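Taking it in order: structure first as structure tokens, then the write-up.
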Amino acid sequence: MNRNEFISILRTVLSGEVPPSVVEDNVHYYDSYISQEIAGGKSEREVLDSLGDPRLIAKTIVDTQGNQGGYYGNGGAAYTQEPSRRERSFRKEENQKDGGDWKYHSLNLNTWYGRLLTIVVLILILVVVFTIVGGILSWVLPVVIPVLLIVWVIRIFFGGGPGSR
């Protein structure tokens, strides 16, 4: 493969997958890079071998553009890529046209605010559990303590104490 074939394959694979400006930027970059390396004393073959397959380079560019809200389509028509389910969250973004739409993003617990939110939620859960248990005990203890005292007194006076039998 020569330089023209490399550039042609790169352009063909990128066309329709990314915006035309991205195609031209990358074609220009690789064409300039090849020129600089040849001017630096390398042969065209060495430069192209070090770059590798232009299809793989194009796939990497397309994948990178997709991660940045890139484009896809056919014949140069470009469409904004919809976020995947994984990229949605519980964050509402205001849309100036119709007042708002919901966008969903996952919560990253590796950030300081994710950890803080986790701690706050755990504290709230503990408070609720202790409140429920305390409420139950406040109703049960006034009944259970006298019953236990009565059972203890009966055991002491009517047998069952130490030394009986």
statement: Restricting the range 1-20 to residues that are over 32 Å from the mean Cα position of the chain (by Cα) and β-branched (Val, Ile, Thr), the one most open to solvent (accessible area, probe 1.4 Å) turns out to be Thr12
task: Find all pairs meeting these conditions: Cβ atoms under 7 angstrom apart; at least six residues apart or on different chains; first residue within the range 45-62 and within 10 Å of Ile9 (Cβ to Cβ); second residue of a type outside the set (Gly, Ala, Ser) and open to solvent by less than 30 Å² (accessible area, probe 1.4 Å).
output: Pro54/Phe6; Pro54/Leu10; Ile57/Leu10; Ala58/Leu10; Ala58/Leu14
statement: The one condition Arg85 fails out of (1) open to solvent by 90 Å² or more (accessible area, probe 1.4 Å); (2) within 15 Å of Thr12 (Cα to Cα); (3) at pLDDT below 80 is (2)
message: Can you find, within the range 21-41, the residue that is surrounded by the fewest Cβ atoms within 10 Å (Cβ to Cβ) among those that are closer than 14 Å to Ile9 by Cα and in contact (Cβ under 8 Å) with a residue 24 or more places away in the chain?
response: Asp31
query: What number goes with the only condition from (1) part of a strand (DSSP E or B); (2) at pLDDT 50 or above that Pro142 does not pass?
result: (1)
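The values are calculated or read from the model by the stated rules, or taken from the named source; none is laboratory data. Here the structure is a predicted model, which is why all the values come from computation and not from measurement. Cβ sites come from the backbone with ideal geometry, for glycine too, and all protein chains shown count toward neighbours. For accessibility, only protein heavy atoms count, side chains too; no ligands or nucleic acids. Shrake-Rupley method; radii C 1.70, N 1.55, O 1.52, S 1.80 Å.
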